[in-house]
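To start, the structure under review is shown below, and the notes come after it.
Taken together, the values in this text are just the output of simple stated rules run on the coordinates, not laboratory data. In this text, all values refer to a predicted model and were calculated from it rather than measured experimentally. Every residue, glycine among them, receives a Cβ derived from its backbone with ideal geometry; neighbour counts consider all protein chains shown.
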Amino acid sequence: MSIIENHKTDGKPFCDSAKLSARDVCVHYGEKQAIFDVSLDIGKNEVIALIGPSGCGKSTFLRCLNRMNDTIDICKVTGEIVLDGGNIYDPKVDVVPLRATVGMVFQKPNPFPKTIYDNVAYGPRIHGLATSRVDLDEIVEKSLQRAGLWAEVKDRLHSPGTGLSGGQQQRLCIARTIAVDPEVILMDEPCSALDPIATAKIEELIDELREKYTIAIVTHSMQQAARVSQRTAYFHLGQLIEVNSTDKVFTTPEHQLTEAYITGRFG
Amino acid sequence: MTNSNLTTRQKVEASMARRRASETRFRLYGMASVLFGMLCLVVLFGDIFSKGYSAFSQTVLTTEIYLDADYLEISTTSDEQALMNANYEGLVKNHFKTEMQPSGRKERRQLYSMISAGAGWQIQKEILADTSLIGQTITIDLIMDDDVDQWFKHDHGNDDGSTRLSEAQLGWLDSWVESGDLHTRFNTTFFVNGDSREPELAGIRGAMTGTFLTLLVTFLLSFPIGVAAAIYLEEFAPKNRLTEIVEININNLAAVPSITFGLLGLAIFINIFGVSRSTPLVGGLVLTLMTLPTIIISGRAAIKAVPPSIREAALGLGASKMQTVFHHVLPLALPGMLTGTIIGMAQALGETAPLLMIGMIAFVVDVPGFINDPSTVLPVQIFLWSDSPERAFTERTSGAIMVLLGFLIIMNTAAVVLRRRLERRW
């Protein structure tokens, strides 16, 4: 299998109420090109799942959306990604407000080696979102509640966040992300390190969060993509092969590669 | 014979004896090297302790001495000039002349040489502390000369004729030993005095203070500079040819012979910047140059060891680069950095060669008060004493080594304790 020459994404990569619009995004790691001309809209208050075999560039593309790739020296991004009318790759854009607007949850739960409270309060503190101690307490409580963790940790807010179980840690990381009150949340395989019960809880949470946030989730589990997302984008070797409503992708895929992948012939 | 008809299991079992033998041999090599190292350490410590423990005791003679106001020419006790300048040494000599009745000039000189030159200062100290003692008879432990000290501590009882004392002197000593007046006490002089030409008056206070001040300068300069350099190189510097050259040179500097840093200090700090020589300031500057590579390298390793997921978490929340470093990376890297720093400081503590180049080998009697006073440091003091011909300096050399080793052990223990205490890997 190799790169398809002059491929044009099948299905409906664009939508009317786009929160984020990527246009002709290419990513190079040094000499090697990882993403080829990806154009994709992510609509307001929708969950979009990015699926595809390992190494297809879906995580790389996700990390372009809040410029986390900036931390890798050899990584070069071209094309444009527009958030609320402004190109986030404009040299004048500062990544700090961008990342406060586009939050991220990582593959492995990565709470800070601090207390549960401090983990959640960190974002609001550095951005000055709380004017008083009471304010901050409220933000922490609300975020933990929204992440479905409040009941489990309310009696031990000042014990270390790393002492929680894997699923709780991941929900703590989600609480930490929503404490900053972003508009978009990027999730990079948030359940890959968790057991089915913890996974179910997180999926439920994603569904609830959709009301308020726009969510892009990278996942290896097609069932998960089917369960949580409204639209699904299939990546293959750095190309965006097909984007359609999740129902359509999983029942009548347009492209043969998508079909091969979802029926388990490779990946 | 071909063994092609043997099963794999049989072949493996046939080779087992050889494999076990080579494993046993390898384990023996390892144990032998460890044992050899331990043995060397035991010999070294044993040698130093057996030579050095006697440095912590000093032979004194309990004497009743009349503080004659007329002899001392002190008419009024308020006359400080007279109190300072009175002939206390003469008073001591006079006392022993009348007491022991030496016959002739030669014996008299021999008698006087048995009492330390410091005996007069002992009397002066007593009087300056309490002037009402003038005109009274006091009992005082007078410090004896190093030859007497060595005889009493080592040769007394097993006279093999190696002593430098004469028949007359040995006679007096025997009478003092018999009366119980001659005895040893804890050698406080060793800890409160600076260096001296007289072994019985020489102490390590000057060297210890010098060491402390030098290390203070070294720490205050090298820790912030080293940590800042490590953070910049690891977190902020672009990865290009220039930073690569800087990195290679830092690694090279760590391997540069320390005396070279001494030459550099002499050329730059003393000759160009005019920092005065033999001071803890210039010593600290030179040792800073020497410890910086150690601190930078260990600091970078500690920063590298912080999991990247922590950095990503902070950056993903919108923390700026500096917030990420100072709120998350540095607290996790600090234990490692401190360990590196203390190891660097311990290295600086034992360093001699570069300090010789910048004049810290000078004979300094006064205890330094500040970083710009001339002083020496412990290892250089050890070097100086080891070169002295007097027998009493040999034991003082070992004594000073014991003190230095003590400091090293304390610092290394502190490094371990600090690392344990600060490590927050919940």
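The gain in end-to-end length when the residue B:62 to residue B:356 segment is fully stretched comes to 101.7 nm, 0.36 nm per residue minus the alpha carbon separation. In summary, the convex hull built on the alpha carbon positions of region B:135-286 has an orientation-averaged projected area of 17.0 nm². Quick one: what do you get for the protein assembly as shown if you divide its Cα Rg by 2.2 N^0.38 Å? Taking N as the residue count of the protein assembly as shown, the ratio is 1.50. Less than 18 Å apart at the alpha-carbon level, and either on another chain or at least 8 residues along: which aspartates and glutamates does that give for residue A:8? Once the sequence-local aspartates and glutamates are set aside, what remains near residue A:8 is A:24, A:37, A:41, A:80, A:242, A:254, A:259.
For the set A:114/B:304; A:12/A:58; A:12/A:201; A:108/B:304; A:44/A:92, the pairs lying more than 23 angstrom apart at their alpha carbons are A:12/A:201; A:44/A:92.
Would region B:205-422 count as rounded, prolate or oblate if I go by the C-alpha gyration tensor, calling it rounded below 1.5 in a/c and otherwise prolate when a/b exceeds b/c, oblate otherwise?
It is prolate, given that a/c is not under 1.5 and a/b is the larger ratio.
Of A:179, A:34, A:130, the residue with the greatest mean-square motion in the GNM of chain A, using alpha carbon springs below 10 Å, is A:130. Of all lysines in the structure, those lying under 25 Å Cα to Cα from residue B:51, and not within fewer than 8 positions of it along the same chain, are B:153. Take the Cβ-Cβ distance between residue B:387 and residue B:42 as r, set R0 to 25 Å, and report the resulting FRET efficiency rounded to the nearest 0.05. Calculated transfer efficiency: 0.40. Decide, for region B:68-210, between rounded, prolate and oblate: order the square roots of the alpha carbon gyration tensor eigenvalues as a ≥ b ≥ c, take rounded if a/c falls under 1.5, and otherwise choose prolate if a/b is larger than b/c, else oblate. Oblate shape, in that a/c is at least 1.5 and b/c is the bigger or equal ratio. Relative to the longest principal axis of the Cα atoms of chain A, the long axis of helix A:166-179 makes an angle of roughly 90 degrees.
The simple spin-label model puts a point 7 Å past each Cα toward its Cβ; for residue B:322 and residue B:76 those points are separated by 6.8 nm. Under a 5 Å amide H cut-off, with hydrogens placed 1.01 Å from N, residue A:15 pairs with A:41 among residues at least 5 apart or on other chains.
Computed over region A:10-262, the alpha-carbon pair-distance distribution with 5 angstrom bins reads 1, 6, 14, 18, 19, 16, 13, 8, 4, 1, 0, 0, each value a whole percent. For the segment B:318-331, counting C-beta atoms of other chains within 10 Å of every residue's C-beta and taking the mean gives 4.
In region B:33-86, the C-alpha radius of gyration followed by the widest Cα-Cα span (Dmax) gives 25.2, 73 angstrom.
By average Cβ neighbour count within 10 Å, what is the ranking of A:239-247, A:116-124, B:126-134 from highest down? Before the final figure, lay out the partial values.
Working: A:239-247: 21.7, A:116-124: 23.9, B:126-134: 13.7.
Put in order of decreasing packing, that is A:116-124, A:239-247, B:126-134.
Counting Cβ atoms of other protein chains within 10 Å of each Cβ in A:104-114 and taking the mean gives 5. Rg over Rh for chain B works out to 1.16, both radii taken from alpha-carbon positions and Rh defined as the Kirkwood radius. 3J(HN,Hα) couplings calculated from phi for region A:91-108 with the Karplus curve 6.51 cos²θ - 1.76 cosθ + 1.60 (θ = phi - 60°) are, in sequence order, x, 7, 6, 8, 6, 4, x, 4, 6, 6, 8, 10, x, 9, 10, 9, 4, 9 Hz; Gly and Pro show x. The distance from the alpha carbon centre of region A:59-138 to that of region B:363-426 is 51 Å, rounded to a whole number.
Between residue A:20 and A:42, the built amide H atoms are under 5 Å apart, and every one of these is 5 or more places off in sequence or on another chain. Counted over region A:1-146 with a bin width of 10 Å, the fraction of Cα pairs per bin, in whole percents, is 9, 33, 32, 19, 6, 1. Taken one residue at a time, the phi angles of region A:112-117 give Karplus couplings (6.51, -1.76, 1.60, θ = phi - 60°) of 5, x, 10, 6, 4, 4 Hz. Gly and Pro are set to x.
Loop-located chymotrypsin sites (Phe, Trp or Tyr not before Pro) across region B:280-370 with a Cβ neighbour count of 15 or fewer within 10 Å are B:363, B:370, with loop assigned by DSSP.
Working from Cα positions, state the angle (0 to 90°, nearest 10) between the long axis of helix B:167-179 and the longest principal axis of chain B. Between helix and principal axis, roughly 80 degrees.
Only helical runs count toward this figure. For chain A, summing -39,500 (n - 2.57) over DSSP H runs of n ≥ 4 and dividing by all residues gives -10000 deg cm²/dmol at 222 nm. The mean number of Cβ atoms from other chains found within 10 Å of a Cβ in peptide A:90-100 is 2, as a whole number. Taking the helices alone, chain B has a mean residue ellipticity at 222 nm of -20000 deg cm²/dmol, built from -39,500 (n - 2.57) per DSSP H run of at least 4 residues and averaged over all its residues.
How high is the FRET efficiency between residue B:256 and residue B:220 when r is their beta carbon distance and R₀ equals 25 Å, given to the nearest 0.05?
Values: r = 23 Å, r/R0 = 0.90.
E between residue B:256 and residue B:220, to the nearest 0.05, is 0.65.
Against the main long axis of the alpha-carbon atoms of chain B, helix B:330-349 sits at an angle near 40°. Using θ = phi - 60° in the Karplus curve 6.51 cos²θ - 1.76 cosθ + 1.60, the 3J(HN,Hα) couplings for region B:91-104 round to 4, 5, 4, 4, 4, 6, 4, 6, 6, 9, 6, x, 9, x Hz; x is entered for Gly and Pro.
If you take the beta carbon distance between residue A:135 and residue B:309 as r and set R0 to 30 Å, what does 1/(1 + (r/R0)^6) give as a FRET efficiency, to the nearest 0.05?
On the way: r = 29 Å, r/R0 = 0.97.
The computed FRET efficiency comes out at 0.55.
Amide H contacts for residue B:87 (H built 1.01 Å from N in the peptide plane; partners 5 or more residues away or on another chain; cut-off under 5 Å): none found. Of all stretches in chain B that contain no trypsin sites (Lys or Arg not before Pro) in a DSSP loop with at most 14 other Cβ atoms within 10 Å, the longest one is B:240-423.
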